[in-house]
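Let me begin by presenting the structure, written as structure tokens, before commenting on it.
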Amino acid sequence: MLRVKDLAVKFPSRFGDVTAIEDVDMTIRPGEIHGLVGESGAGKSTVGAAVIGLISTPGYIANGEITLGDTDLRALTPEQAHAVRGDRISMIFQDPQTSLNPLMTVEDQLIETIQTHSDVSYDDAHKRAVDLLEEIGIKNAAERIKSYPHQFSGGMRQRVVIALALCTDPELIIADEPTTALDVAVQQQVLDLLRELADRRNIAFLLITHDIGVIAQIADRVTVMRNGEVMESGETAQVLGAPTHPYTVALMDAVPPLDRKIARFRLPVEADIAAQTTARGADAQKWLLEGEQTPPTGLTVENLTMRFRGTRTSLWQKPEHFTALDDVSFTVRPGTIMGLVGESGSGKSTLAKVLTGLLHPSEGRMTLGAAPLPPARQRSRHHPSRRLMQMVFQDPYSSLNSRHRIGAILSEPLWLYGLVNNAEDRRALAMSMLDLVGLPADAIDKYPHQFSGGQRQRIAVARAILARPKFLICDEPTSALDVSIQAQVLNLLKDLQSTFGLTILFITHNMSVARQMADDMIVLRNGRIEETGPSETLFTAPKAPYTQTLLDLTPKMPSEWQLTGSSSAS
Amino acid sequence: MIALLKRNEALWLFVHSPAAIIAAVVAIAIILGATFAPWIALVDPYDLSSFSLFDGLLPPAWEDGANPKYLLGTDDQGRDMISSILYGARLSLFIGLAAMAIATVLGVSLGLAAGYYGGRFDAIVMRIADVQLALPAILTALLIDGIARGLLPADIQQELRVWVLTLAIALSLWVNFARTARASTLVQMNKDYVQAAIMMGQRPIRIMFVHIFPNILGPLLVIMTVDLASAILLEATLSFLGIGLPADSPSLGTLIRIGMQFLLSGEWWILWIPTLFLVALVVSINVLGDFLRDVFNPRLR
Amino acid sequence: MAYFILKRLIQSVFVMLAVAFLAFSLFRFVGDPITQMTGVETSVADQERLREELGLNDPFVTQFVRFTGDMLQGDFGFSYRTRQPVAEMIADRIPATLELGIVALLISLIVGIPAGVYTALRPRGVVSQTILMTTLIGVSVPTFVIGIMLIFLFGVQLGWLPTFGRGGTVQIGGWESSFFTVDGWRALILPAITLGVYQLTLTMRLVRAEMMEVMRSDYIRFATARGVPMRRLYFKHALANTMVPVITIIGLQFGGVIAFSIVTESVFQWPGMGLLFLESIRFVDIPVMGVYLVVIAFFFVLVNLIVDMLYVAIDPRLRVKDAA
């Protein structure tokens, strides 16, 4: 009943019109969840915006048809189109934190929407709103409805958003990354809810996401997009299980499986860094290995506790302490990768900050190699651990100073730690290092904004490695990246780890990624270690119920869909 | 050229903004005229021997009874208006730029350090800023001026007039810079590149000035432009109130104050020409400030 | 919430103390109070006795505490110039300045907010561009020039309105008001516009910037996607959210109104506090200067406390507890 044909959207720019999407065809039937999957820049959100008629200015539909039932959506006047919005088509946004008006109660927002589209009394609208909240799983709805958005937790807020999209009984709901901002447990609940609504109310969903796992789990049909064009489209099992388009094949190869560990991701040659390294990189490799005289360095953490003083909100109560890390002890064996998983708020980033000396722990001891690792306030700027321990951050857009050239960024550890004292040598080494991470030599005079997210992350890795570290902390290094880029960076990290004998603490929220990287694992929850042990045992026979839950909730796809991902690539 | 325009967004926006181009031309013309006033002005308004009372109150060249030598007429003392205005603008611009420079250095250093160190230092700086905010710019400037009158002996007062005025204006403007620098620094502090630098053990001074400072330059540049305009206005206002510069070394504000005496008589040019000049200068600076704001904050476009 | 208000209250007290300290330092260190208070004929011994009587030989802290205590009791000392109690001089002038400031602020809000909303919603329209250009000139023309222009046009050329003074005023319980006579209003119009124009441009630009920011937010996009009527979207959803930051800035602007009232009062010979302050600067009348400072800071702090409470009233996030 939603039919999109030959759709093209263009954005005028100072270089002429830029085509955001072109030749997009799609059909969605009632009760169908239609997945629209693609990496960043694929134009998938633009498709959703075009359907609901909210393309951000100055973009415009250049060509194509969009029909909903018998209505030609493109022929509507702005007023008619606005009347259709909410009534027949509705939308769910990514971030429940920002998609509700903070100054209005949930009640007001629901009733306002209901009364806009149907001529019902306030009491009827109120009743419908309460029933709806009950239906989508908000307990005690008659009370809770009077609350403001900030009084709901993230997952509950996304339910409120869904209720708002649903309250007028639309035929089609466009869900733009509805679970991306949510933890895995909440994600599962929201996905179940969408599936249930599609089945029971016969609502059609256009589910826009970058997460192939989500698609695999609930979508009936899927359209794969890349650079504004449709690559492949059809039944989910067909497209993902037996992809015909090379892009879809590569995409599926890059998805980390949860049920087994693969040595390296299989990548197309042009994306494989190891295949691109030239002789130039040998200099950096040689220089780095020169510093490699000492054996790998492990890390031991004993009884680490981190308490934050809460913000004072009341006159009479003392602010409550918030315990981010609670008596955490573990050992990272020299030369291995320790995976650290946990949901948001589990304390995993706090742990990284305590280790790197950005936060001063309340209690506990840390030992790096044989020497004690002083806590933040006792760690001088010149302490050897400043060099020995380096970090790769999550967001490559924020971890490189956008006002410095790549050359300056890469040279910084070299002169700061007194590793190379001659500016020309530093530059030569930086160039050689760029080759090791698969970037061209002329990158050295460019600025970070001239690179893609994946390229920036490789530069960030290069910077960390140039300090000749023994211990590397990777804090969600791939969670901001597309899945094919993720595979590339994970391969790179694995290669560097084995070449230079690094010890790595690999922090992630993604169980599948953790499985690909880790030799040992820690599962963290609310600042406490739930389970720790060798990675293979933990994934195949988890002891803690929480680990089991996390594994169960991670979206996965039938293993026969992923026969690729060989252990003998390159 | 076209390649350069395509690469540099700010430049591209600039050549497509007629208002910004006109403003830049006007501002540059005034700045050049003011800078080279001693070489291009007909007379030296500070030198009583260079003009004559006989030329007094001549209207601009296009009116009856004008002397074409004095294009925009003369004042009651016989001073050529153009010369007075150029010298006045010179003084106004000097005070404005100097005040802005002092306010920038003071405000940015304090704001940057407050944002970087946080905690008690931040609290102290921000409380001082609170107090400063409770005493608005004109008030602060007047106050400092008043204090200088009370403290300095009369003969030194005249000599230090320009400096007292500059300092008074600077001290009333620093809060803007401090607050902007602090807010922008706090944003940068949360970015990983700063965290990385701290983690690596770089010196705080380096982190503040080499890492953070270039990243907060955009908003600061906007404030600098807007505050240059404010400083010039403030100087004019103080001089107009008779508290700024005396009549023998007139700034634009002083010229307007003198012109006020002719509001009711027919010699309109003595009041309105300097006024127009001041407004043109400030409007151009503000248009440029607005343009910069659009460049650095594309969401307001 | 109570904690939020209390915190602001403590900050306000701090600001007041700091300003009082400033005023005290002025009084104590700029010129010698004794020479100012006495004439040339007073003997050195008398001067010393007076110094002792006034407690000027006491420790610094004691003097400051006494100074603050006196202020709290309404004892603001005597003017060097007129020998009158400063409290009286200021009290006489407060109504004129406050009435001028309030009318100017109202003008700025009543015109500025709708203009800001309009230019935010139709950013590319001809009307919006014209308004924006006009306001840019508005912030660039000094207040005194606006005053002169208005006087010249409406006072001198057209002769419609008086160009100085307050016109007819009515005494209401010691408050000298110009709100109750036609003459008073006629005298008030020009100064109020003069003072209001600059604030108006600031208000408009601020509302515009905030409104544009809000219109881009997810919740507005979501409300649009739900088909909420445009009028409701703009005025119920967007404007309310715009008001949160705008109110804060308007509180800060009040300081600007008071400050620029010095200029306006000077141009229009408006008998308010600002004019008094200018005179006191010219004659280095330190006690008046100091007290003026304290009074201005007090109004500023008071207005901002009210703003904080409004803030709490508008924003439920400050009022209602968060999700557990």
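The values are calculated or read from the model by the stated rules, or taken from the named source; none is laboratory data. Keep in mind that this is a model prediction, so the values were computed, not measured. Please note: Cβ atoms are built from the backbone with ideal geometry, for glycine as well, and neighbour counts cover all protein chains shown. Note: accessible area is taken over every heavy atom of the protein model, side chains too, but ligands, DNA and RNA are not part of it. Shrake-Rupley method; radii C 1.70, N 1.55, O 1.52, S 1.80 Å.
Some points to look at:
- One residue from A:362, A:344, A:349 being over 30 Å from residue A:294 (Cα atoms), open to solvent by less than 60 Å² (accessible area, probe 1.4 Å) and of a type in the set (Gly, Ala, Ser): A:362
- Matching residues in segment C:187-207 - criterion: being within 28 Å of residue B:291 (Cβ to Cβ), open to solvent by 10 Å² or more (accessible area, probe 1.4 Å) and under 16 Å from the mean Cα position of the chain (by Cα): C:197, C:198, C:200, C:202
- Residues of segment A:418-461 classified as under 27 Å from residue A:476 (Cα atoms) and either in a loop (DSSP other than H, G, I, E, B) or open to solvent by less than 40 Å² (accessible area, probe 1.4 Å) (or both), total: 25
- Top-ranked residue of segment C:215-234 - restricted to ones that are within 34 Å of the chain's Cα centre (by Cα) and touching a residue at least 12 places away in the same chain (Cβ under 8 Å), ranked as nearest to the other protein chains (Cβ to nearest Cβ): C:217
- Residue C:254 of a type in the set (Phe, Trp, Tyr), touching a residue at least 60 places away in the same chain (Cβ under 8 Å) and buried (at least 19 other Cβ atoms within 10 Å of the Cβ): yes
- Hits in segment A:150-171 (condition: in a loop (DSSP other than H, G, I, E, B) and under 25 Å from residue A:344 (Cα atoms)): A:152, A:153
- Yes/no for residue A:403 being free of Cβ contacts under 8 Å to residues at least 12 places away in the same chain, basic (Lys, Arg), open to solvent by 50 Å² or more (accessible area, probe 1.4 Å) and assigned to a loop (DSSP other than H, G, I, E, B): no
- Scanning segment A:408-417 for residues that are away from every other protein chain (no Cβ under 12 Å) and either open to solvent by 10 Å² or more (accessible area, probe 1.4 Å) or in contact with a strand residue (DSSP E or B) (Cβ under 7 Å, 6 or more places away or on another chain) (or both) turns up just one, A:411.
- With respect to (1) open to solvent by 20 Å² or more (accessible area, probe 1.4 Å); (2) of a type in the set (A, V, I, L, M); (3) within 10 Å of another protein chain (Cβ to nearest Cβ); (4) in contact (Cβ under 8 Å) with a residue 40 or more places away in the chain, the lone exception for residue C:244 is condition (1).
- Residue within segment B:167-176 that is within 12 Å of another protein chain (Cβ to nearest Cβ), of a type in the set (Ser, Thr, Tyr) and open to solvent by less than 30 Å² (accessible area, probe 1.4 Å) present: yes
- Matching entry among B:242, B:266, B:253 (being over 18 Å from residue B:97 (Cβ atoms) and in contact with a Ser or Thr (Cβ under 9 Å, 6 or more places away or on another chain)): B:242
- Qualifying residue in segment B:178-194 (condition: within 14 Å of chain A (Cβ to nearest Cβ), open to solvent by less than 10 Å² (accessible area, probe 1.4 Å) and not in a helix (DSSP H, G or I)): no
- Test for residue A:166: is it touching a helix residue (DSSP H, G or I) at 6+ places or on another chain (Cβ under 9 Å), open to solvent by less than 30 Å² (accessible area, probe 1.4 Å) and away from every other protein chain (no Cβ under 12 Å): no
- The sole residue among C:306, C:262 that is under 22 Å from residue B:131 (Cβ atoms) and within 8 Å of another protein chain (Cβ to nearest Cβ) is C:262.
- Segment A:97-149 holds helices (runs of 4 or more DSSP H) entirely within its bounds, and those carrying 2 or more residues that are under 18 Å from residue C:227 (Cβ atoms) and open to solvent by 40 Å² or more (accessible area, probe 1.4 Å) map to A:106-117.
- Matching residues in segment A:373-384 - criterion: being without any contact (Cβ under 8 Å) to a residue 60 or more places away in the chain and open to solvent by less than 100 Å² (accessible area, probe 1.4 Å): A:374, A:375, A:376, A:379, A:380, A:381, A:383, A:384
- Residue within segment C:27-45 that is without any contact (Cβ under 8 Å) to a residue 40 or more places away in the chain, touching an Asp or Glu at 6+ places or on another chain (Cβ under 8 Å), of a type outside the set (Gly, Ala, Ser) and open to solvent by less than 50 Å² (accessible area, probe 1.4 Å) present: yes
- Set side by side, the residues B:266, B:201 differ, and just one is within 14 Å of chain A (Cβ to nearest Cβ) and either modelled with pLDDT under 85 or at positive phi (or both), which is B:201.
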